[in-house]
Amino acid sequence: MSHMPTVAIVDDDEAVREALGDLLMVSGLACECFEGAAEFLAARRVRQFDCLVTDIRMPGMSGIDLIERLRDERAGLPVIVLSSVLDEATRSHALAIGARAWLTKPVTDEHLLGALAQAIASSGSSSKR
Amino acid sequence: MTATLLDPLESDVEGIAELASESIVILDPAGIIRYWNPAAERLFGWPALAVCGTDGAQLSPAPGDEANAWSQLLQEGAWEGRVRRRTRDGDVRVARVRRHLRYDGAGTLRDVVEYARAEPEAPGWAGAHDRVPDRSMAASWEIDVAPAADILARLAPRAPGADTSERDELLHGLVNAARIVEVNDRTARLVGGNRGRALMAGQSVAAFWPLESRTILANLILEARADREGRSVQRRLASDGILRDPLVTVWRAGDDRPDRLFVAVDGAADDDRSYLYLRASEARYRKLIHYMPVALWQVDASHMGKIYAQLRSRGVTDFAGHLDDHPELVEFAAASVPVTDVNRCAIELVGGASVQDLIRPVGYLFAESPDSLRRVMIGRFSGRKNYSEYMKIRALDGRLLDVRFSVTYPEPLLELDTTIFSLEDVTERLRIETELRQLQADFSHAARISTLGELTSSIAHEVNQPLAAIMTNAETSLRWLARDEPDIGKVAQLTTRIATSARRADDIVRRIRSMAVKQAPEPVPIALNDLVQESLLFVRHEIETRGIRVTTSYARRVPKIVGDRIQLQQVIVNLLINAAQAVEASCEADREIHIATRAGLKGEALFTLRDRGPGIDPDHLGHIFDGFFTTKPQGMGIGLAICRSIVAAHGGGVSASNHPEGGAEFRVRLPPARQAS
């Protein structure tokens with residue numbers, strides 16, 4: 001049985017987390033929300049995620065730090081950045097270190113869900129290989 | 001021999017005096033004739049040889065008159081009048097004489113110089129003089145009784161003493177109705193206060209004539225008018241505090257002017273102080289006032305003083321309330337309190353051509369701010385010594401001026417009831433102050449925009465968070481609604497969240513906008529603690545993303561301050577950003593900012609901010625508030641400069657120091673709001 005893909009959402013803003021969680025739910029995706037990178041990393045030790053949607057500017061560990069950490073761990077987890085950071089250097093850096101997509105807040109559901117579908121599909125194909 | 005009798009100090013003047021056509025006589029302080037020029041020989045019929053060394057008074061057929069004139073001369077320093085002298089042949093010559101005292105360098109009386117001309121007319125001189133004659137240096141008046149025609153008509157048929165009280169009333173009415181045509185200097189000095197001659201003209205005789213002797217004057221007027229030959233009538237009065245045993249003489253001006261009469265009052269000034277001293281001191285005083293570089297108005301509000309006294313005796317204590325009920329009293333004061341004198345600076349200030357332009361009821365000074373007059377009146381009623389405020393006045397040439405208006409009220413126990421207004425033109429000063437405020441506002445606005453620029457990414461992030469939530473929630477709602485069985489409960493929940501996020505976005509935008517718009521500073525009472533909390537909202541995100549801890553300690557009793565909220569927020573935001581940048585590179589344990597509020601020892605409100613950064617280079621401590629001083633590569637160096645300028649504009653101060661335990665410490669001190677009285 002194909003398991004329902006689970007998406008992790010990391011954002012320090014509760015309103016954003018709740019909104020994203022509801023969108024994914026109505027779109028038939030399971031999701032779990034974390035208010036910071038540290039909480040997500042802790043959960044990852046015990047649970048499997050198919051995709052990560054993360055903000056960049058957060059107190060404590062930033063989104064960039066998180067992506068670097070996952071790259072260093074060779075986690076193979078597709079990461080989508082959803083941020084309001086407009087800095088081109090940060091964007092290129094994030095993509096260079098392995099982020100699949102860089103979406104800017106506010107984002108349309110089509111964009112987000114499209115990016116998620118692509119990311120999950122690619123991660124599925126890579127895991128089959 | 002004659003030469004030795006001449007004034008030894010002025011021997012070279014001798015020739016001039018010898019040739020003069022006017023009689024010149026010099027007498028020593030004892031009245032002994034010391035010099036007698038040829039014109040005097042002609043006029044008085046005595047050769048100099050015969051009279052030099054003799055007592056001048058012995059030439060007079062009426063030694064009493066001469067003694068009076070002499071004592072008046074010694075008291076007043078000058079005397080002018082008619083002198084009669086017997087000639088060698090036994091005739092009597094009448095001359096018009098001016099006598100002056102002369103003093104030597106040590107200030108002791110040296111001699112008396114007398115100039116004389118033949119009296120052009122016979123005694124009684126009821127001829128049609130155009131001027132009021134300066135008879136005997138008397139206080140002289142020319143009066144017009146035409147306005148009293150009715151009263152004269154009612155008095156005419158009555159025999160004196162028919163009905164005393166009614167007659168007395170009519171006599172007072174006569175003096176009241178009679179108008180002053182002209183007076184001489186002596187009259188103006190004796191009874192005119194310092195209104196001056198010109199200002200007495202046209203006024204009621206009663207306004208200046210002592211009350212006790214008004215019926216006597218009225219009777220003299222009646223008698224003089226009744227005398228067919230136009231002879232003068234005289235009466236000696238009791239000393240009245242102005243002149244000692246004054247002699248009043250009244251005569252008709254002439255048949256061509258039946259309603260005009262001359263009044264002369266002779267007598268020595270009833271004052272212990274010497275006339276010369278008084279005169280000099282008054283002249284000095286007037287000169288001083290006249291050339292004072294402050295615009296001065298002297299007003300006579302004595303009748304208002306009487307009204308206030310009456311009101312007080314009727315139990316009025318709340319004068320402001322009384323004026324609310326009787327606004328007409330303010331109008332009455334505006335129309336009835338006369339300006340009695342002004343100085344040169346006052347004329348310049350209001351752009352008048354002469355004193356006369358300003359000698360009017362005071363109303364014109366308050367046309368632009370009637371409430372000021374009301375406050376001036378309240379000040380006097382409440383017994384203040386002075387009162388001052390800023391107000392606007394309309395100059396005579398139409399300019400609108402900002403002035404600082406001050407009034408000095410009369411001292412209740414002093415006899416003279418004069419109120420002094422002083423006006424200082426502050427138009428230019430206020431204009432410069434306004435310009436400076438505008439510049440400071442422009443400058444701080446520019447600095448705010450620059451600060452907001454530094455915060456752009458934080459701001460974008462902050463605004464985008466609620467927008468992202470709104471957009472996602474809205475699209476999720478549409479998906480729920482698009483289902484075969486729409487989940488209304490879920491949609492309601494999402495819509496509620498949308499509304500919440502929208503409000504949040506609105507709050508943020510509002511806050512940013514208040515910082516970004518350019519507006520004139522608006523002083524309002526502010527609680528310092530609230531101000532600090534609001535400021536923290538601006539930089540919350542900036543501080544959080546840098547992993548900086550902010551610890552706060554708010555004192556409960558911090559005095560309220562008054563100021564422009566946005567500008568003061570700007571100060572705290574700037575200091576916070578500064579501190580955040582200072583600790584950014586520190587290790588996590590040191591990324592801390594401590595802020596505190598408290599009340600200062602002098603009642604001021606204090607805000608302190610301490611960071612655990614590297615501190616301020618001691619060489620820079622003296623400069624960090626200077627404009628364009630910066631240690632940051634991208635910094636403009638206006639952040640702290642604008643902090644200082646804003647705090648200074650609020651009457652406070654800001655200082656920086658290095659904390660003994662490390663890091664920089666900034667202190668902002670703001671004065672407490674004044675308690676509303």
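The values are calculated or read from the model by the stated rules, or taken from the named source; none is laboratory data. These numbers were taken from a predicted model, which means no experiment stands behind them. Virtual Cβ from ideal backbone geometry, glycine too; neighbours counted across all protein chains shown.
Summary of computed values
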read-out	value
Verdict on residue B:425 being more than 8 Å from chain A (Cβ to nearest Cβ), more than 30 Å from residue B:581 (Cβ to Cβ) and buried (at least 17 other Cβ atoms within 10 Å of the Cβ)	yes
Some residue of region B:474-484 being away from chain A (no Cβ under 11 Å) and either more than 30 Å from residue B:602 (Cβ to Cβ) or at pLDDT 90 or above (or both)	yes
Only one of B:406, B:372, B:388, B:450 that is small (Gly, Ala, Ser), in a helix (DSSP H, G or I) and touching a strand residue (DSSP E or B) at 6+ places or on another chain (Cβ under 7 Å)	B:372
Residue within region A:15-23 that is farther than 30 Å from residue B:503 by Cβ and without any contact (Cβ under 8 Å) to a residue 12 or more places away in the chain present	no
The listed residue being assigned by TED's automatic domain parsing to the domain that holds residue B:338 and in contact (Cβ under 8 Å) with a residue 40 or more places away in the chain, out of B:396, B:400	B:396
Subset of region B:366-405 (residues that are more than 24 Å from residue B:327 (Cβ to Cβ) and under 11 Å from the mean Cα position of the chain (by Cα))	B:386, B:404
Some residue of region A:120-129 being within 14 Å of chain B (Cβ to nearest Cβ), surrounded by fewer than 21 Cβ atoms within 10 Å (Cβ to Cβ) and not aliphatic (A, V, I, L, M)	no
Qualifying positions in region A:73-93 - charged (D, E, K, R) and under 19 Å from residue B:454 (Cβ atoms)	A:87, A:88
Test: residue in region A:73-89 that is crowded, with 20+ Cβ neighbours inside 10 Å, touching a Lys or Arg at 6+ places or on another chain (Cβ under 8 Å), closer than 23 Å to residue B:479 by Cα and modelled with pLDDT of 90 or more	yes
Neighbours by Cβ (under 9 Å, 6+ apart or cross-chain): first from region A:92-113, within 14 Å of chain B (Cβ to nearest Cβ) and in contact (Cβ under 8 Å) with a residue 24 or more places away in the chain; second among the hydroxyl-bearing types (Ser, Thr, Tyr) and in a helix (DSSP H, G or I)	A:107/B:472; A:109/B:472; A:109/B:476; A:112/B:472
Condition met for residue B:47 (exposed (fewer than 15 other Cβ atoms within 10 Å of the Cβ), more than 16 Å from residue B:116 (Cα to Cα) and in the same structural domain as residue B:111 (by TED's automatic domain parsing))	no
Test result for residue A:60, on the phi > 0 side of the Ramachandran plot, surrounded by 14 or more Cβ atoms within 10 Å (Cβ to Cβ) and not aromatic (Phe, Trp, Tyr)	yes
Residues satisfying the stated conditions in region B:485-504, i.e. within 10 Å of another protein chain (Cβ to nearest Cβ) and at pLDDT 90 or above	B:490, B:493, B:494, B:497, B:498, B:500, B:501, B:504
Yes/no for residue B:320 being at pLDDT 80 or above, in contact with a Gly (Cβ under 6 Å, 6 or more places away or on another chain), closer than 30 Å to residue B:395 by Cα and surrounded by fewer than 19 Cβ atoms within 10 Å (Cβ to Cβ)	no
Odd one out for residue B:152, checked against (1) farther than 19 Å from residue B:75 by Cα; (2) surrounded by 12 or more Cβ atoms within 10 Å (Cβ to Cβ); (3) at pLDDT below 85	(3)
Of all residues making up region B:514-557, the number that are more than 17 Å from residue B:455 (Cβ to Cβ), more than 14 Å from every other protein chain (Cβ to nearest Cβ) and modelled with pLDDT of 85 or more	18
Long-range neighbours under 7 Å by Cβ, at least six apart or interchain, first residue in the same structural domain as residue B:373 (by TED's automatic domain parsing) within region B:308-321, second surrounded by 12 or more Cβ atoms within 10 Å (Cβ to Cβ) and of a type in the set (D, E, K, R)	B:308/B:380
The listed residue being within 14 Å of chain A (Cβ to nearest Cβ) and either under 30 Å from residue A:108 (Cβ atoms) or at pLDDT below 90 (or both), out of B:416, B:436, B:455	B:455
Filter result (in contact (Cβ under 8 Å) with a residue 24 or more places away in the chain, at the interface with another protein chain (Cβ under 7 Å from one of its Cβ atoms) and among the aliphatic types (A, V, I, L, M)) within region B:460-469	B:467, B:469
